[in-house]
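These notes concern the structure reproduced below.
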Amino acid sequence: MFWPSNYFLENLLQCVCLLVSKRWLRLLCSSTVALALAFIGTPHAIPSLSSFLSHHPYLSSLSLTDSSSSSSSSFSHHLLQSLASSCPNLRHLRFLAELVSGFSLLSLSNSCPHLSSLPISLSRPLCFQWIAPLRPLKDLSVFITGSETELFSYNGFAPVLDAKLNLLSFPFLMLNSIYSLSLCGTQGVDYGLNFLWRNCKKLEKLKLKSCEFVGDNVSFSAFIKGLETLKEVEEVELRTSRTLADGVLLKLAGGSVSLSSLLVYDGSSKEGLLQFISHSRADVQKLDLRLPLDLDNDHLIAVAENFENGS
């Protein structure tokens, strides 16, 4: 009778274990729908990341943080392009990397048309035409990076993107789908916000953090008109946005009737806050104020009279 040697049995066991491991790994990857990755690498590592992501065909939620200290705009572009081509079924993407431009986001919006939630870093100069193909997009958070020295005229920048998006004949395609918008770091010299404000007509949540202005003069006019039409906005947060706070509160007092939650940190004047409290037609349920000033009796009386159900 022939008995297999120990060497043969060991090799056979290793092959069986390897085969089972590969099958389990394949099953794990095919059943994974959410991943969170911190990416530290060079352009040579991007193909490895692309290959790794391609083994997760049902991935719908991805958080990717680029922790490289020396990232360039070219690196961020190729990283985002690789991500977009590897994950066409994404619904939720959190992509925080330096020097992400509007050009880079074109490949994302065309390759991942099902995105509904997108927190992202965006470098100057700003543009938002890449949003147009993302019809399901409902939640957008933008962290603006870059210095003012990186700016140039938006008038020379927009036509290129318009041509790529086939928007030359209708440059302000109405999306009407974004319900939650968060902006951090806007300045008065920022061009390109005009397109964004014109396409946020159904906002329910608006958050502004460290925003000195809401863009150039054209963008500011679109923002003011947008506030006048936001009848259904329910939640507003203003954090360290002193130059905007009074104007926003004034428009909300005269227009919004659905506002239920207001947060103001380090912004607004006593007069601006009193005007909002006294003239607001909304039934505000939650009022959160952390201001570098003391409220006087007029504010407290106005709150008691106008926000009976507030907390």
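The values are calculated or read from the model by the stated rules, or taken from the named source; none is laboratory data. The shown structure was predicted, so the numbers you read here are calculated from the model rather than taken from an experiment. Don't worry about glycine lacking a Cβ; one is built from the backbone with ideal geometry, like all the others, and counts go over all protein chains shown. Just so you know, the surface numbers come from the protein's heavy atoms only, side chains and all, with ligands and any DNA or RNA stripped out. Shrake-Rupley method; radii C 1.70, N 1.55, O 1.52, S 1.80 Å.
General observations
- Where PRO125 falls short, out of the listed (1) modelled with pLDDT of 85 or more; (2) under 29 Å from SER85 (Cβ atoms); (3) not aliphatic (A, V, I, L, M): (1)
- Condition broken by GLU235, with the remaining ones in (1) of a type in the set (Asp, Glu); (2) modelled with pLDDT of 85 or more; (3) more than 24 Å from the chain's Cα centre (by Cα) satisfied: (3)
- Residues that are hydroxyl-bearing (Ser, Thr, Tyr) and open to solvent by less than 10 Å² (accessible area, probe 1.4 Å), drawn from region 240-287: SER241, SER256
- Test: residue in region 41-63 that is in the same structural domain as LEU90 (by the TED database), modelled with pLDDT under 85, outside any helix (DSSP H, G or I) and open to solvent by 80 Å² or more (accessible area, probe 1.4 Å): no
- VAL284 vs. criteria assigned to a loop (DSSP other than H, G, I, E, B), within 20 Å of SER180 (Cβ to Cβ), modelled with pLDDT of 70 or more and in contact with a Lys or Arg (Cβ under 6 Å, 6 or more places away or on another chain): no
- In region 175-222, of all residues being in a loop (DSSP other than H, G, I, E, B), out of contact with any strand residue (DSSP E or B) (no Cβ under 9 Å at 6 or more places or on another chain) and open to solvent by less than 20 Å² (accessible area, probe 1.4 Å), the one that is modelled with the lowest pLDDT corresponds to LEU175.
- Screening ASN89 with (1) open to solvent by 20 Å² or more (accessible area, probe 1.4 Å); (2) in a helix (DSSP H, G or I) gives one miss only, at (2).
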